[in-house]
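K.L.:
Shown below is the structure under consideration.
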Amino acid sequence: MIEINNLTTNQIDEEFLKKVTKGVLKKEGGAKVELSIALIGQGRMRKLNKKYRGKNRVTDVLAFPETKVLLEKFKVGPPPKSSELGRNRNLSQGG
């Protein structure tokens, strides 16, 4: 599954982007993966780059591993059960 989130005011051709992405994934042997792409502006990109990489500048791409890898690396606790989705949780305190 490929999810496209355009958080800018720019028009994009989502179907074209999905088609190109599927082609790249297929060639790389990852045709059955889930991928979420967020298109964001420079201000938000700068904030994310500073928060996650400690670099106070705009970059072209930020990539994050799947949730399971993040849970293990950052030890933020188990993902919420489906019945808990949308509830306010503080993962750093275990629930």
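The values are calculated or read from the model by the stated rules, or taken from the named source; none is laboratory data. All figures in this text were calculated on a predicted structure; none of them were measured in a lab. Glycine gets a Cβ as well: all are built from the backbone with ideal geometry, and neighbour counts include every protein chain shown.
K.L.:
Can you list the helices (runs of 4 or more DSSP H) lying wholly within region 1-83 that have 1 or more residues being modelled with pLDDT of 90 or more?
P.N.:
Hits in region 1-83: 14-27, 42-53.
K.L.:
Something else about it: Pairs, please: C-beta under 9 Å, at least 6 apart or cross-chain, first residue acidic (Asp, Glu) and in region 22-50, second surrounded by fewer than 13 Cβ atoms within 10 Å (Cβ to Cβ) and outside any helix (DSSP H, G or I)?
P.N.:
GLU34/MET1; GLU34/GLU3; GLU34/GLU66
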